[in-house]
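Undergrad: First, the structure itself, so that you have it in front of you.
The values are calculated or read from the model by the stated rules, or taken from the named source; none is laboratory data. It should be emphasised that the depicted structure is a prediction, and the values quoted were computed from it without experimental measurement. No Cβ is skipped: glycine too gets one built from the backbone with ideal geometry, and neighbour counts run over all protein chains shown.
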């Protein structure tokens, strides 16, 4: 870039720094708008705009303009508000003329001084009323008119119309990436008068919400509930029917018994209102219903009692099933007994659970009926299991092989099943040079096991041999009966 160009840029930026303008944009716009006064400055503005665009690609430009001119901070945006209501932003700042017209006026400010703001910022305005609904219908943006030029792309104030049914507005706007919030309060707002909702009920049961008798409704098994506002029968908006909740005595949904009467208007058809609710007593299938409805923010409860309700029978039936296996029972048998609700099952009503030969009693399912107080029908099953005979025998010898070092000992555990009381095991190792039994010669079986200890002398011959352990019991006249034997290996090392 030539020195001439750099001198021009330096001149422009020094002029910018010394000027009153706070942004490049305002400086350029001022030069464009005053072309009749200084056509040279218009040319300079074009040059500056171009050079600002390409400055990041030209290292020499880094010296001009000074950082204080390019790295500016956007001015702080704010409002200058008049005629806001009590509790609102910048209250009180009264203005008689604005008060008379029912207007809140909000002047735009930059850096604490009234100043126009680029028009696009107005599109960021969000206005929500006390119900969270859009309130932009009450907001008017004042776009500026420039004589000889026309509408400018700036606005300098906002008017908010208080002559509407709003209590307050949360208004926000984003200017130069700053989002500013203002609370606007309508001093003219008058809260609407909400009518009191209630029911005019006919044919409710004893103990329910107050009602009056009606022979026709009684004959049809119906409770009728007329909608009232301020104590006068009046239709209510249909959407309120969607808030109805009806729960019976068990907390179950009872809406199947509720019918909302939507109104029919001759010549117009179905209206978005209802004037009554009918509740079907359904021959006494429900005892009472807690019914709720919300109308104009008021939740009203009514207790509906069904005069046709008949409490269920107080007796309950207890069923006993005895499976095959009891004395005299060769196929499952069933008996029943009626017991007053809440009382215990009589002991004499419970079937015997004595098992016949070959079976054992495995217990009641789901629980033992003895001493149980019943409140509903229930079944108890007595279960029996067939006894499978166990053949007396030696099941195992461990370890196998049993390894013993010269001069050492080894314990041999013999496991059995089905052995009679008093049975024992023994082991003959005398024929093997250097081996002997510690203790014995009988090793009695306890809990299906017996332990034999074998010792090896220092001079015992090395190697392995087979041995047989025998299970025995006492026979008649002092004889000994062999029950079973088991062969295993002993190895001397």
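Undergrad: Sort out which residues of region 373-401 are more than 16 Å from residue 337 (Cβ to Cβ), touching a strand residue (DSSP E or B) at 6+ places or on another chain (Cβ under 8 Å) and outside any strand (DSSP E or B), and write them in order of number. Lay out the reasoning, then the answer.
TA: Taking region 373-401 first, the residues more than 16 Å from residue 337 (Cβ to Cβ) are 383-401.
After this cut, where a residue has to be touching a strand residue (DSSP E or B) at 6+ places or on another chain (Cβ under 8 Å) as well, the list is 383-387, 390-401.
Once the filter is applied, which keeps residues that are more than 16 Å from residue 337 (Cβ to Cβ), touching a strand residue (DSSP E or B) at 6+ places or on another chain (Cβ under 8 Å) and outside any strand (DSSP E or B), region 373-401 yields 387, 390, 391, 392, 399, 400, 401.
Undergrad: On the given criteria, is residue 317 more than 26 Å from residue 254 (Cα to Cα), modelled with pLDDT of 90 or more and surrounded by fewer than 15 Cβ atoms within 10 Å (Cβ to Cβ)?
TA: Working: more than 26 Å from residue 254 (Cα to Cα): yes; modelled with pLDDT of 90 or more: yes; surrounded by fewer than 15 Cβ atoms within 10 Å (Cβ to Cβ): yes.
Taking the combined requirement at face value, the residue satisfies it.
Undergrad: Sticking with this structure for a sec: Tell me the residue from 370, 331, 362 that is in the same structural domain as residue 319 (by TED's automatic domain parsing), in contact with a strand residue (DSSP E or B) (Cβ under 7 Å, 6 or more places away or on another chain) and not in a strand (DSSP E or B), please. So that I can check it myself, show each step before the final result.
TA: Values: 370 fails: in contact with a strand residue (DSSP E or B) (Cβ under 7 Å, 6 or more places away or on another chain); 362 fails: not in a strand (DSSP E or B).
Just one listed residue meets the conditions, 331.
Undergrad: Same structure again: With the condition kept exactly as written, say whether any residue in region 301-316 is touching a strand residue (DSSP E or B) at 6+ places or on another chain (Cβ under 9 Å), within 24 Å of residue 384 (Cα to Cα) and either assigned to a strand (DSSP E or B) or without any contact (Cβ under 8 Å) to a residue 40 or more places away in the chain (or both).
TA: no
Undergrad: Next up: So which of 236, 193 is exposed (fewer than 13 other Cβ atoms within 10 Å of the Cβ) and more than 24 Å from residue 306 (Cα to Cα)? Steps first, please.
TA: Working: 236 fails: exposed (fewer than 13 other Cβ atoms within 10 Å of the Cβ).
Step by step, each of 236, 193 is checked, and only 193 is exposed (fewer than 13 other Cβ atoms within 10 Å of the Cβ) and more than 24 Å from residue 306 (Cα to Cα).
Undergrad: Look through 329, 339, 404, 395 and report the one residue that is over 30 Å from residue 208 (Cα atoms) and touching a helix residue (DSSP H, G or I) at 6+ places or on another chain (Cβ under 9 Å). First the steps, then the outcome.
TA: Working: 329 fails: touching a helix residue (DSSP H, G or I) at 6+ places or on another chain (Cβ under 9 Å); 404 fails: touching a helix residue (DSSP H, G or I) at 6+ places or on another chain (Cβ under 9 Å); 395 fails: touching a helix residue (DSSP H, G or I) at 6+ places or on another chain (Cβ under 9 Å).
Answer to the selection: 339.
Undergrad: Could you figure out which of (1) under 41 Å from the mean Cα position of the chain (by Cα); (2) outside any loop (DSSP other than H, G, I, E, B); (3) surrounded by 11 or more Cβ atoms within 10 Å (Cβ to Cβ) isn't true of residue 270?
TA: Every condition holds for residue 270 apart from (3).
Undergrad: If you don't mind, there's one more thing I want to ask. Can you confirm whether residue 103 is in contact with a strand residue (DSSP E or B) (Cβ under 6 Å, 6 or more places away or on another chain), over 13 Å from residue 154 (Cα atoms) and at pLDDT 95 or above? I'd like the intermediate steps shown before the answer.
TA: Working: in contact with a strand residue (DSSP E or B) (Cβ under 6 Å, 6 or more places away or on another chain): yes; over 13 Å from residue 154 (Cα atoms): yes; at pLDDT 95 or above: yes.
Against the criterion (in contact with a strand residue (DSSP E or B) (Cβ under 6 Å, 6 or more places away or on another chain), over 13 Å from residue 154 (Cα atoms) and at pLDDT 95 or above), residue 103 qualifies.
Okay, residues lined up against (1) modelled with pLDDT under 95; (2) over 29 Å from residue 193 (Cα atoms):
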site	(1), (2)
243	no, no
247	no, yes
253	no, yes
262	no, no
284	yes, yes
299	no, no
304	no, yes
307	yes, yes
326	yes, yes
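Undergrad: Working carefully through the options 280, 290, 275, find the one that is surrounded by fewer than 18 Cβ atoms within 10 Å (Cβ to Cβ), within 18 Å of residue 211 (Cβ to Cβ) and in contact with a helix residue (DSSP H, G or I) (Cβ under 6 Å, 6 or more places away or on another chain). Step through it out loud before you land on a result.
TA: Details: 290 fails: in contact with a helix residue (DSSP H, G or I) (Cβ under 6 Å, 6 or more places away or on another chain); 275 fails: in contact with a helix residue (DSSP H, G or I) (Cβ under 6 Å, 6 or more places away or on another chain).
After applying the criteria, what remains is 280.
Undergrad: For residues in region 212-233 being outside any strand (DSSP E or B) and touching a strand residue (DSSP E or B) at 6+ places or on another chain (Cβ under 6 Å), which is surrounded by the fewest Cβ atoms within 10 Å (Cβ to Cβ)? Quick ask: steps written out before the conclusion?
TA: Going residue by residue through region 212-233, those that are outside any strand (DSSP E or B) are 213-221, 230-231.
Filter once more, keeping what is touching a strand residue (DSSP E or B) at 6+ places or on another chain (Cβ under 6 Å): 214, 217.
On the way: 214: 15, 217: 19.
For region 212-233, the residue satisfying everything is 214.
Undergrad: Here is a further query. Going through region 95-127 one residue at a time, which ones are in contact (Cβ under 8 Å) with a residue 12 or more places away in the chain and either farther than 27 Å from residue 75 by Cβ or not assigned by TED's automatic domain parsing to the domain that holds residue 180 (or both)?
TA: 99, 102
Undergrad: Report, by residue number, each residue of region 157-211 that is in a loop (DSSP other than H, G, I, E, B) and closer than 15 Å to residue 88 by Cβ.
TA: Step one: of region 157-211, the residues in a loop (DSSP other than H, G, I, E, B) are 162-167, 176-177, 186-196, 203-211.
Answer for region 157-211, where residues must be in a loop (DSSP other than H, G, I, E, B) and closer than 15 Å to residue 88 by Cβ: 162, 166, 167, 186, 187, 188, 189.
Undergrad: Same structure, new question: Quick one: residue 353 ticks every box in (1) assigned to a loop (DSSP other than H, G, I, E, B); (2) surrounded by fewer than 16 Cβ atoms within 10 Å (Cβ to Cβ); (3) in contact (Cβ under 8 Å) with a residue 12 or more places away in the chain except a single one, so which number is it?
TA: (2)
Undergrad: Another question about this same structure. Test residue 482 against the criterion of being surrounded by 13 or more Cβ atoms within 10 Å (Cβ to Cβ) and over 30 Å from residue 323 (Cα atoms), and give yes or no.
TA: Numbers: surrounded by 13 or more Cβ atoms within 10 Å (Cβ to Cβ): no; over 30 Å from residue 323 (Cα atoms): yes.
No: the conditions fail for residue 482.
Undergrad: Same structure again: Hey, can you tell me all the residues within region 120-156 that are assigned to a strand (DSSP E or B) and under 44 Å from the mean Cα position of the chain (by Cα)? Explain how you work it out, then say what you get.
TA: So the first thing to find is which residues in region 120-156 are assigned to a strand (DSSP E or B), and the list is 126-129, 134, 139-146, 150-156.
Residues satisfying the conditions are 126, 127, 128, 129, 134, 139.
Undergrad: Return the residue satisfying two criteria in turn: it lies in region 427-457 and is part of a strand (DSSP E or B), buried (at least 17 other Cβ atoms within 10 Å of the Cβ) and in contact (Cβ under 8 Å) with a residue 40 or more places away in the chain, and of such residues it is farthest from the chain's Cα centre (by Cα).
TA: Restricting to residues being part of a strand (DSSP E or B), buried (at least 17 other Cβ atoms within 10 Å of the Cβ) and in contact (Cβ under 8 Å) with a residue 40 or more places away in the chain, the top hit is 435.
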